Amino acid sequence: MGALQSEIFDSDAILKQTQHRAWPIPQSPWIMQQVWYGLLFAHWPLPAEQVRALIPDELELDTFGGEAWISLTPFRLNVTLRGLSAFGDMLSFPELNCRTYVRYKGHEGIYFFSLDAASRLAVMGAQSLYRLPYFFATMEHDEKDGRIWFRSERRERPAELEAVYQPIGEAREALNGTLEHW
């Protein structure tokens, strides 16, 4: 793991933080743990009516400052299955999400326009189990000199992204009422 990646996660403590959740935590035992490394949230405002036309009718567009927001989120995903953590991460691969923010029956949520992943197994599983718009892509996610170097190229329904990014300050909690908190 690189210098930008924390190696310690207390799953039990994380699950006890529920005040930010729109939906209750399921009572059934968890089967998978995901950890996202080198995550970037890149956001662009767009006119709400333009984005509204792209989402299903049953979803309400969630806006901030009267505008809709489109987000690209590149990261490295590490997946561990319950009871198998002694064997390490079962899957580790780069992923890229293109999304916007919505509400469904009063609850906040995310609508994915596309999710690209460098794991064919993850793409097939997510497509069949969750019916999400996942696509296989050739991807790189590397940390070097305190920066993340990310590259993604999808062949089916072509799309690509190249980005270099790094933290520019200390981690902090977002203040209520700000775009970051929203």
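In segment 102-126, what residues are among the acidic types (D, E) and open to solvent by 70 Å² or more (accessible area, probe 1.4 Å)? Talk me through it step by step, then tell me what you get.
To start, the set of residues in segment 102-126 that are among the acidic types (D, E) comprises 108, 116.
Scanning segment 102-126 gives a single hit, E108.
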Out of all the residues in segment 175-182, is one or more touching a residue at least 40 places away in the same chain (Cβ under 8 Å) and out of contact with any Cys (no Cβ under 8 Å at 6 or more places or on another chain)? yes
Please state which of the following conditions A122 fails to meet, knowing it meets all the rest: (1) assigned to a strand (DSSP E or B); (2) touching a residue at least 40 places away in the same chain (Cβ under 8 Å). (1)
Per-region count, segment 127-158, residues more than 17 Å from P74 (Cβ to Cβ) and either surrounded by 18 or more Cβ atoms within 10 Å (Cβ to Cβ) or touching a residue at least 40 places away in the same chain (Cβ under 8 Å) (or both): 1
Residues satisfying the stated conditions in segment 44-65, i.e. in a strand (DSSP E or B), open to solvent by 70 Å² or more (accessible area, probe 1.4 Å) and under 15 Å from C98 (Cα atoms): W44
Which condition number in (1) closer than 30 Å to A171 by Cα; (2) open to solvent by 40 Å² or more (accessible area, probe 1.4 Å); (3) modelled with pLDDT of 95 or more is the one that R99 fails? (2)
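Given the criterion in contact with a Lys or Arg (Cβ under 6 Å, 6 or more places away or on another chain) and free of Cβ contacts under 8 Å to residues at least 60 places away in the same chain, identify the matching residue among L46, L61, L39. Lay out the reasoning, then the answer.
Details: L46 fails: in contact with a Lys or Arg (Cβ under 6 Å, 6 or more places away or on another chain); L39 fails: in contact with a Lys or Arg (Cβ under 6 Å, 6 or more places away or on another chain).
Only one candidate qualifies: L61.
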Is there any pair with a first residue in segment 69-88 that is of a type in the set (S, T, Y) and a second that is modelled with pLDDT under 75 whose Cβ atoms are under 8 Å apart and which are 6 or more apart or on different chains, and what are they? T80/G88; T80/D89; T80/M90
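The values are calculated or read from the model by the stated rules, or taken from the named source; none is laboratory data. Since the model is a prediction, treat every value here as computed from it, not as a measurement. Reconstructed Cβ throughout: ideal geometry from the backbone, glycine too, with neighbour counts over all protein chains shown. The protein model used for the area step is the full one, side chains on, heavy atoms only, and it has no ligands, DNA or RNA in it. Shrake-Rupley method; radii C 1.70, N 1.55, O 1.52, S 1.80 Å.
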